[in-house]
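The values are calculated or read from the model by the stated rules, or taken from the named source; none is laboratory data. Owing to the predicted nature of the structure, the values given are computational and were not obtained by experimental measurement. In this analysis, Cβ positions are derived from the backbone assuming ideal geometry, glycine residues included, and neighbour counts consider all displayed protein chains. Ligands, DNA and RNA are stripped out before the accessible areas are found, and what is left, the full protein with its side chains, is counted by its heavy atoms. Shrake-Rupley method; radii C 1.70, N 1.55, O 1.52, S 1.80 Å.
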Amino acid sequence: MRGGSPAATMALRHRQGLFFIMLFRKPKGQFCRTCGTALYRKHTAMTMCQGWRHPLSATLFNPVTIILNLRVQSNIERLPEPGPDPFHSPLPLGKPLLLRPGTLVGLLPAAVVLLFLAHLIAG
């Protein structure tokens, strides 16, 4: 636990698709609503920015990672606001996900992959 309670055990994923390899990261821990939201924003923005360079990552792993992180975020939102903790301070929330530069950079490749997959399914 980092900042407050109540907290829940969760794991947020981050994928980094390089040209020849893919990196998979899944930090786990107990986080309150504030810290969980901060980590969701951070890891999803990194995935949106860095996960599209490998073909398998772009078509399969990156979209799945984003969906799994959205599922974790829905669980985070169900937690009540954390109470004060005299021993730990919560992580700073930072900017919302869609206002982060990494997310904005990743929207173009995401749109291209979605169009490609829609073309494959339709055609």
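Of note, L93 does not satisfy the criterion of being on the phi < 0 side of the Ramachandran plot and part of a helix (DSSP H, G or I).
Annotation note: of G106, G83, the sole residue that is over 19 Å from K26 (Cα atoms), loosely packed, with under 12 Cβ neighbours inside 10 Å and touching a residue at least 40 places away in the same chain (Cβ under 8 Å) is G83. Checked against the criterion of being charged (D, E, K, R) and farther than 11 Å from L12 by Cβ, the candidates R78, R41, R71 yield just one match: R78. When region 86-95 is limited to residues that are surrounded by fewer than 18 Cβ atoms within 10 Å (Cβ to Cβ) and among the hydrophobic types (A, V, I, L, M, F, W, C), the one that is nearest to P109 (Cα to Cα) turns out to be L93.
Listed by first and then second residue, the pairs linking a residue in region 110-121 that is more than 16 Å from V64 (Cα to Cα) to a residue that is in a helix (DSSP H, G or I) and aromatic (F, W, Y), with Cβ atoms under 8 Å apart and 6 or more places separating them unless they lie on different chains, form an empty list. Note on region 13-72: enclosed strands (runs of 3 or more DSSP E) holding 1 or more residues that are surrounded by 15 or more Cβ atoms within 10 Å (Cβ to Cβ), in contact with a His (Cβ under 7 Å, 6 or more places away or on another chain) and not small (G, A, S) are 14-17, 22-25.
Here L98 meets the list (1) part of a helix (DSSP H, G or I); (2) open to solvent by less than 70 Å² (accessible area, probe 1.4 Å); (3) aliphatic (A, V, I, L, M) almost entirely, failing just condition (2).
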